[in-house]
1. Would you mind checking which residues have amide H under 5 Å from A:Asp138's amide H? H placed 1.01 Å from N; only 5 or more apart, or other chain.
2. Which is the longest run of chain B containing none of the GluC sites (Glu not before Pro) found in DSSP loop states (not H, G, I, E, B) with at most 16 other C-beta atoms within 10 Å?
3. For A:Val105, list long-range residues whose amide hydrogen, built 1.01 Å from N in the peptide plane, is under 5 Å from its own amide hydrogen.
4. Please find the FRET efficiency linking B:Arg177 to A:Glu25, where r is the Cβ-Cβ separation and R0 is fixed at 60 Å, and quote it to the nearest 0.05.
5. From the cross-link list A:Lys249/A:Lys278; B:Lys111/B:Lys252; A:Lys130/A:Lys165, which pairs have alpha carbons spaced over 20 Å apart?
6. Take peptides B:184-191, A:138-145, B:211-218 and line them up by average Cβ neighbours within 10 Å, highest first, as a rough protection proxy.
7. Probe radius 1.4 Å, ligands and nucleic acids left out: can you give me the accessible area buried at the B-A interface, summed over both chains, in Å² to the nearest hundred?
8. Whole Å is fine, so just give me how far the alpha carbon centre of region B:95-118 lies from that of region B:122-195.
Amino acid sequence: MFDNLTGRLARIVRDLRGHGRLSEENIQGTLRELRLAFLEADVALPVVRGFIEHIRARAVGQEVLQSLTPGQALIRIVRDELTTLMGERCEELSLRQAPPNVVMVAGLQGSGKTTTVAKLARRLKEQDKKSVFLASCDVHRPAAIEQLAVLAREIGVDCFPADPKDGAVGIAEAALGQARKGFYDVFIVDTAGRLHIDSEMMDEVKRLHAVLNPIETLFVVDSMTGQDAATTARAFHEALPLTGVILTKADGDARGGAALSVRFITGQPIKFVGMGEKTHALEPFYPDRVATRILGMGDVLGLIEEVERRVDRQEAEKLAERLKKGQGFDLEDFRVQLKQMRGMGGIGGLMSKLPGVSDLPKPVQDRMDDKELVRLEAIIDSMTPGERRFPDVIKASRKRRISAGSGTEVQDVNRLLKQFTQIQKTMKRATKKGGLQKLMRAMGGRLPPGLPH
Amino acid sequence: MGLKEGLRRTRARFGAGLARLVGTAGGEGAVEEIEDLLLGADAGVEATERIVANLRDRLRRRELNDPERLRDALRAELISILEPVSTPLVIPRGRDTPFVILVVGVNGTGKTTTIGKLCAQLRAQGRSVAVAAGDTFRAAALAQLAAWGERAGVPVTASSEGGDPAAVAFEALEKARARGTEVLIVDTAGRLHTQAHLMDQLRKVCRVIRKFDPSAPHEAMLVLDATTGQNALTQATEFHQIVALTGITLTKMDGTAKGGMVFALAERLGTPIRFIGIGEGLEDLQGFDAAGFVDALLAEP
């Protein structure tokens, strides 16, 4: 998401850096570029207008022209405005009521409500240790209720056995009763997709809201939505007191302008982004980081958190222990690391969070895929445990067997062994006294500004 | 619901904008107004700039001084872009093997709903139709398709959830041939075009269909959500590389979405636009007509 916008803004930023001083004219030019960049990124026209006006007002003022580095000053204004537009900090769900805390989702058809409900439920259950109860009030789309029931079984939470004959409001009332009786911490209600101009359906969702009296009313919006995002968000916000937004399908290559539009129109924070089809693919939304990332500075904080969350702590500690004892890093360890890397969304997922990657040519970016990782894993999988522990025993005949077993060439096995030797060397250096600090210092110069050193 | 009613809101927007134009009586102000209208309709920066460039030239030469003529020129320009892609889907009668329609698209665009509507229309024309439930991924997708099949009176071939969609397609093809079914519609799971493994799976479905009948699929149809922004072009391009698209259906045109990305699609890919979806009823699928589309877009409220 946002890649295209990032690319364009990165160009604008680069061009600006070349100017020692900014004149009225090149501010005009830059603002026009910005306008086009946002429009191309699917930000709704009225939002773009407002946004550019804000920037213009600040840019032509003292702030930029008298600054020593006007280019940088303008970039900072854009980043500030982006951050203000998207909200200052990450907002979690507010679940402060006496149980059950009712959460209701609403949105257009096909925006991804049901999948999102399942993801939310899984997150609340696994990370926040809440007891969760689900109900689908979608009596309109065939098999919608069944879809949620199947997902609920998959993630192991309870789901109200709804009967479409009872009508949406009837289901909501009965399910709410059961949620109370069952002392669930959170009760999440899925609703039918509806068009904001369908007054009958909008009445239904208002009635549902009145019955449920939810603490969170979340608007689910497809991140690929274009100009219409502003219109629909306004209509839903007028019908329901929205408390937050969930952006779905953000793992595609959409330019993500809908996020800005919806946030601007509703004034409500984007609380989560859906990043894939699996039920764990839901991430909290950090506006400041996204603003930085849009400007091509990378989401390094997100990367660090992702690594912390996904790396198997036990495995990591085991490895650290062994390294400390002076036992070497072997291929078995390498294999575990490869697996974890893939678990973190693979090379592509990691790279996308790094600063400057959006500046690389597209073909280079495309090549950063996981095929190589899978191949490396396959090669190690084809070795015996003994070979993994003592790679030195791998000579010509074993190489032939391993390459045949993993569907690769002997050269690939050679390459892997060579890479492995290099990693081993690095590891040895890192485990020596003070080695790690030295490595960090070498990297220090490359960390983006704003990070605590 | 008719096309005009479905596009009512769009029309109001364009109408109001052009009414304001009367005041500015041509010139750069008018160009900007049209620019904003097109951008606001998801036409995209590139297509908008091209459309407006032609008008701007003529404005400079003072050929379009009154708003009426400016509007006609805009209408003609828009129609001329869409005309080449408004070719209806023709399913020849009396074939020996089933006419295979493969339906693809990203998640939540309305593939299954479109298939339901298409089945009903084909049945109404007296064609025999069958459906292959190729969405083996999403929970309860099969149940949804089965419900539509029942409404339209069309048999649905399926496997269990998590099965191989290519195998489902093959089984459905064999059944359809044995029964002499005229049209087989193959549903697929929604997939983002960025998910390489799912695109590979789609390639395999295509390969299996081709093994059965080298000329199939006879129609590879992309279902596109009209609320989609500039990503529509990427979607179409990526799916085209895998399945060689021969048609596009634009869904959810009954909302306030303007579907303006069809201009960029028409210019860049030239894939025929077959249908537009304008509601949730079985009959709410209409053939795409360039002049009608543009007229409904530009007509006064």
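1. Amide H neighbours of A:Asp138: A:Ala192.
2. Working: sites that count: B:Glu63, B:Glu161, B:Glu283.
Here the longest run is B:162-282.
3. Under 5 Å from the amide H of A:Val105 lie the amide H atoms of A:Val189, A:Thr191, A:Leu218, each far enough along the sequence or on another chain.
4. Working from the Cβ atoms, E equals 0.30.
5. A:Lys130/A:Lys165
6. With the highest mean Cβ count within 10 Å placed first, the list reads B:184-191, A:138-145, B:211-218.
7. On the way: alone 12900 and 23150 Å², together 32860 Å².
Approximately 3200 Å² gets buried when B meets A.
8. Distance between centres, Cα-based: 8 Å.
The values are calculated or read from the model by the stated rules, or taken from the named source; none is laboratory data. Bear in mind that the values here come from a model prediction, so they are computed numbers and not experimental data. Counting neighbours? That spans all protein chains shown, and the Cβs are built from the backbone with ideal geometry, glycine included. Side chains are part of the model used for accessible areas, which takes the heavy atoms of the whole protein and leaves out ligands, DNA and RNA. Shrake-Rupley method; radii C 1.70, N 1.55, O 1.52, S 1.80 Å.
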